[in-house]
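The next block holds one structure in the form of structure tokens; read it before the comments.
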Amino acid sequence: MFVHEIPLLFVLPGLFPGLKKAAVGRLGENGYKGVFTLLMVAAIWLVISGWKATAPVFLYVPPVWGKHVTLLLVLIAFILFFAPYPPNNVRRALRHPQLTGVAVWGVGHLLANGESRSIVLFGGLAVWAVLEIFVLNRRDGAWSKPSAVATKNDIVLAGGGIVAYAIVLAAHQWLFGFAPYP
């Protein structure tokens, strides 16, 4: 499996919105969500496997400070990634916090990794997220910002993002073959 084709697994569902409607009609909303979740877990496994199986070819030397900035950007990305779900004030500032989180995550990883497989994977997903934001904004038209909510919701969101970040950081060596912290 080549890492170059794997990001397509994340992009394709957005390119064919009629498939979702047909699948929901056939499986029901919960059935569709269950199948979609399983497919995304499989896609993530393929991404990890493909990335690990691809020989790295170094194209640039990341800056010395890149790993430190990456740790901060990925933390922010984790918080943004979960922001669409609970009511919070991040959703008032960003129309597409999850896609913004993917873009921040991708850019962060490009600051720490200078090999071809990382550029294709992280750069590809970051570009996709930014393009998807433009496509969704064009499709959906004017944005109505959600109402303000209690600050405690933002604290819960940040706490959940930090916990998820800590878990992935701790498992990074096992999942990807190296520890991301200096």
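Of all positions in the stretch 83-98, none carries a residue that is β-branched (Val, Ile, Thr), in a helix (DSSP H, G or I) and either out of contact with any helix residue (DSSP H, G or I) (no Cβ under 6 Å at 6 or more places or on another chain) or free of Cβ contacts under 8 Å to residues at least 40 places away in the same chain (or both). Picking from residues in the stretch 115-165 that are of a type in the set (Phe, Trp, Tyr) and without any contact (Cβ under 8 Å) to a residue 40 or more places away in the chain, the one that is farthest from Phe58 (Cα to Cα) is Phe134. Taking the stretch 119-146 as the range and being charged (D, E, K, R), in a helix (DSSP H, G or I) and in contact with a helix residue (DSSP H, G or I) (Cβ under 7 Å, 6 or more places away or on another chain) as the test, only Glu132 passes. The condition of being assigned to a loop (DSSP other than H, G, I, E, B), modelled with pLDDT of 90 or more and out of contact with any helix residue (DSSP H, G or I) (no Cβ under 6 Å at 6 or more places or on another chain) holds for only one of Val149, Val168, that being Val149.
The values are calculated or read from the model by the stated rules, or taken from the named source; none is laboratory data. Quick caveat: nothing in here was measured; it's all calculated off a predicted structure. Cβ sites come from the backbone with ideal geometry, for glycine too, and all protein chains shown count toward neighbours.
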